[in-house]
Amino acid sequence: MEEEPQQSPEPAAREPRVRDAPEDICLEATANAIALHPARPLLAAGDVDGDVYLYSYSCTEGENRQLWSSGHHLKSCRDVAFSQDGQTEEGRLETRFPKAHESALNCVLPIDHHIFATGDDGGAVKVWDLRRGSAILEARQQEEYISAMTVDGNGKILLTASGDGTLGVFNVKRRRFELVSEPQNGDLTSVVLMKRGRKVACGSSEGTIYLFNWDGFGAASDRFALRAETIDCMVPVTDSIVCVGSLDGVIRAVNVLPNRVLGCVGQHLGEPIEQLALAADGKLLASSGHDQKVKFWDVSALGSMVVDDYRRKKKKGGPLRALSSKALGSGEDFFADLRDEPEPAAEGGDSGDSDSD
């Protein structure tokens, strides 16, 4: 009898590659807004077509998954946010507030389990109580669209950035308007808390970061002009470092007081950035751009960076320092469009360099 040929053993399955950051999520339309879950690896995105998506993400290749999508909006979805308990309810519509604002809503901010705030295109701000099903504070103290909002750790003071260049201050507990700042140059596009709540940083359409003292909202205490065309979105990574997204598609890491541009976290090549979101552990940054992608960046190294007051002389026209492995690109000159003059020094209180330390 002839012997049967022996079969070669099956090749061992390749272990999935683990990356520094999850793979890109490709969308069917540009995402105006993204948010990361406060406890789980979940991302919500709202796009220009009015659709809202929920994805799970992972640093293991091939593990990103779309969990659900909803089409409850007939027009563009401009902002998304997770509630503090992070419940997603599988995309089911829970509550609707018809005719909530006279103008289109531009931003939403959960304050606690029952209270949230909204701002619209006409400068109106409302604070809502889900238990009552109605607004408990209504005001229109700013002349242009409300671009961004934030609240202090006690859920008491609500801050609103506006297209009229002002910072608005509202007392949620007392349900009243407090004051509005002097107008700055350009639209204020973002507002975040820094330095353990002692400083407030606002980004502007002119590419400048304005700083306010917590007890001095009437006028900016300092300003820092970046080389960026604009600052369209901003998210704090540490008490002193923010990441900013701009029209040129570059995500810069910026230290506040002393004011320094630390380098480049990444970019959407040639495409404006709409929004940034930080994971709860502070190690991953997500960005959405006009390339219809959500990208992830490893920003874990920013937490250990220390910036001193000493300013070194830099070679003019040098590239921004790459702050993540992905920032180096692949085969392309990532920094081709970044080799211009260094960013101007800050005006007022604290001056700074634009290049990396």
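Miscellaneous remarks
- Tabulated pairs, the range 138-163, first on the phi < 0 side of the Ramachandran plot and surrounded by fewer than 16 Cβ atoms within 10 Å (Cβ to Cβ), second basic (K, R) and outside any strand (DSSP E or B), C-beta under 7 angstrom, 6+ apart or interchain: K156/K173
- Hey, D121 closer than 19 Å to N32 by Cα, of a type in the set (D, E) and surrounded by fewer than 20 Cβ atoms within 10 Å (Cβ to Cβ) or not: yes
- Residues in the range 264-273 that are crowded, with 22+ Cβ neighbours inside 10 Å and not β-branched (V, I, T): C264, G266, Q267, H268.
- For the range 181-210, a residue qualifies if it is at positive phi and open to solvent by 50 Å² or more (accessible area, probe 1.4 Å), and exactly one does: R196.
- Tallying residues that are part of a strand (DSSP E or B) and either open to solvent by 20 Å² or more (accessible area, probe 1.4 Å) or closer than 20 Å to I209 by Cβ (or both) within the range 164-175 yields 3.
- Entry remark, the range 185-203: residues being assigned to a strand (DSSP E or B) and within 11 Å of D164 (Cα to Cα) number 2 in total.
- When L93 is tested against (1) crowded, with 17+ Cβ neighbours inside 10 Å; (2) of a type in the set (A, V, I, L, M); (3) assigned to a loop (DSSP other than H, G, I, E, B), only condition (1) is not met.
- When the test is whether a residue is among the charged types (D, E, K, R), buried (at least 16 other Cβ atoms within 10 Å of the Cβ) and under 23 Å from the mean Cα position of the chain (by Cα), K126 passes it.
- Within the range 57-80, tally of residues that are open to solvent by less than 30 Å² (accessible area, probe 1.4 Å) and either assigned to a loop (DSSP other than H, G, I, E, B) or touching a His at 6+ places or on another chain (Cβ under 9 Å) (or both): 3
- Of all residues making up the range 234-260, the number that are among the small types (G, A, S) and part of a strand (DSSP E or B): 2
- Scanning the range 96-118 for residues that are in a loop (DSSP other than H, G, I, E, B) and open to solvent by 30 Å² or more (accessible area, probe 1.4 Å) yields R96, F97, P98, K99, E102, S103, A104, D112, H113, H114.
- Lone unmet requirement of (1) open to solvent by less than 10 Å² (accessible area, probe 1.4 Å); (2) part of a loop (DSSP other than H, G, I, E, B) for F296: (2)
- Scanning the range 211-233 for residues that are buried (at least 22 other Cβ atoms within 10 Å of the Cβ), outside any loop (DSSP other than H, G, I, E, B) and aliphatic (A, V, I, L, M) returns a single hit, L211.
- Condition met for D85 (at pLDDT below 85 and under 25 Å from S190 (Cα atoms)): yes
- Residue among E178, E182 that alone is assigned to a loop (DSSP other than H, G, I, E, B), out of contact with any His (no Cβ under 7 Å at 6 or more places or on another chain), among the charged types (D, E, K, R) and in contact (Cβ under 8 Å) with a residue 12 or more places away in the chain: E182
The values are calculated or read from the model by the stated rules, or taken from the named source; none is laboratory data. Note that the coordinates shown come from a computational prediction; the quantities given were computed from them, not determined experimentally. All Cβ positions, even for glycine, are placed from backbone atoms using ideal geometry, and neighbour counts span all protein chains on display. For accessibility, only protein heavy atoms count, side chains too; no ligands or nucleic acids. Shrake-Rupley method; radii C 1.70, N 1.55, O 1.52, S 1.80 Å.
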